[in-house]
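The values are calculated or read from the model by the stated rules, or taken from the named source; none is laboratory data. Just so it is clear, the model here is predicted, and its values are computed rather than measured. As a convention, Cβ positions derive from the backbone with ideal geometry for all residues, glycine included, and neighbour counts pool all protein chains shown. These area figures cover heavy atoms from the full protein model, side chains too; ligands, DNA and RNA do not enter into them. Shrake-Rupley method; radii C 1.70, N 1.55, O 1.52, S 1.80 Å.
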Amino acid sequence: MSSSTVGQVIKCKAAVSWEAGKPLVIEEVEVAPPQAGEVRLKILYTSLCHTDVYFWEAKGQTPLFPRIFGHEAGGIVESVGEGVTHLKPGDHALPVFTGECGECPHCKSEESNMCDLLRINTDRGVMIHDSQTRFSIKGQPIYHFVGTSTFSEYTVVHAGCVAKVNPAAEGARISGASRIIGVDLVSSRFEEAKKFGVNEFVNPKDHDKPVQEVIAAMTNGGVDRAVECTGSIQAMISAFECVHDGWGVAVLVGVPNKDDAFKTHPVNFLNERTLKGTFYGNYKPRTDLPSVVEKYMNGELELEKFITHTVPFSEINKAFDYMLKGESIRCIIRMGE
């Protein structure tokens, strides 16, 4: 990182997705300087999330290519655009796929993190400031992904989506749950899941009745809380219908296909079951995440067990292979290699 790059176009390597489902290609891209309200980051580490794979496959989402994916990363601020005050060159920071403008009703509310200006937008491939990309190859624009595009050695992000933090959550164990039942179609994941506090496991394929009925039978009528993390419509229904009447709450986390819909009988609601969704754990990126970092630094959060694989940037396609085979939780991608 050098002050000589400030205000200049930086040429660097990026993993570009040219078309849906095809291996990423390491290309030399030009990264423009940050405009007003933006930050340019040098990415040190990034990782692959299933959401990246979802939009790379583009089966149930709006295709937008060529594009640079990636939205989980850590890096260093290289330079800042006009008006940015909470970050300076040299700061260690995280780009986040949702933001916090600090001014809208959501940001001013203690109950919401759904910023009007900077909430996640999976269809937008350009910067908010001028509706242009900051990436290009020989003059051809390369689109952004959820405002982060971390599969690049340098990226430009809205300053409201950058925090000096490290996000994490392994919530059920920390919140004191006694029985934690994992549900997955891959039985081999149970051993790994034990590290996260899962002490019972159900594979729907092992049963000839709906998994919600299996869980209800195991738990004397249903669980207190169910968390759905896959984006599968069937899993959402199962999560809702397996909670106990009277007090059960199901929380949807996974990202569905854009045209998905599901149905359940209204009596499930009338019997005092609650269905709700969550977005980024209700964390405000800039306000709340520093305290999460402190928990990790103090040993209250174990992050290392989430990391199952590590690959150099030049082998980023291996991370996709691990994810598609169901072998990885998180694969760290080392940018300098």
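A few points about this structure:
- Taking the criterion of being charged (D, E, K, R), open to solvent by 40 Å² or more (accessible area, probe 1.4 Å) and touching a strand residue (DSSP E or B) at 6+ places or on another chain (Cβ under 9 Å), the residues of region 237-287 that qualify are E241, K276, R286.
- Test: residue in region 53-64 that is out of contact with any Cys (no Cβ under 6 Å at 6 or more places or on another chain), under 30 Å from A261 (Cβ atoms), basic (K, R) and not in a loop (DSSP other than H, G, I, E, B): no
- Tallying residues that are out of contact with any strand residue (DSSP E or B) (no Cβ under 6 Å at 6 or more places or on another chain) and closer than 17 Å to E153 by Cβ within region 70-89 yields 1.
- Checking the stated criteria, F201 turns out to be surrounded by fewer than 18 Cβ atoms within 10 Å (Cβ to Cβ), in contact with a helix residue (DSSP H, G or I) (Cβ under 9 Å, 6 or more places away or on another chain) and among the aromatic types (F, W, Y).
- Summed over region 128-152, residues that are within 19 Å of the chain's Cα centre (by Cα) and not hydroxyl-bearing (S, T, Y) total 5.
- Of all residue pairs spaced 6 or more apart or on separate chains, those with beta-carbon atoms under 7 Å, a first member in region 294-309 that is in the same structural domain as T46 (by the TED database) and a second member that is open to solvent by 100 Å² or more (accessible area, probe 1.4 Å) and not hydrophobic (A, V, I, L, M, F, W, C) are K305/K195.
- Inclusion of N257 among residues that are farther than 24 Å from G281 by Cβ, within 26 Å of the chain's Cα centre (by Cα) and touching a residue at least 12 places away in the same chain (Cβ under 8 Å) is not warranted.
- Some residue of region 26-39 being out of contact with any His (no Cβ under 9 Å at 6 or more places or on another chain) and at pLDDT below 95: no
- Flag for S17 being among the hydroxyl-bearing types (S, T, Y), on the phi < 0 side of the Ramachandran plot and either open to solvent by less than 10 Å² (accessible area, probe 1.4 Å) or at pLDDT 95 or above (or both): yes
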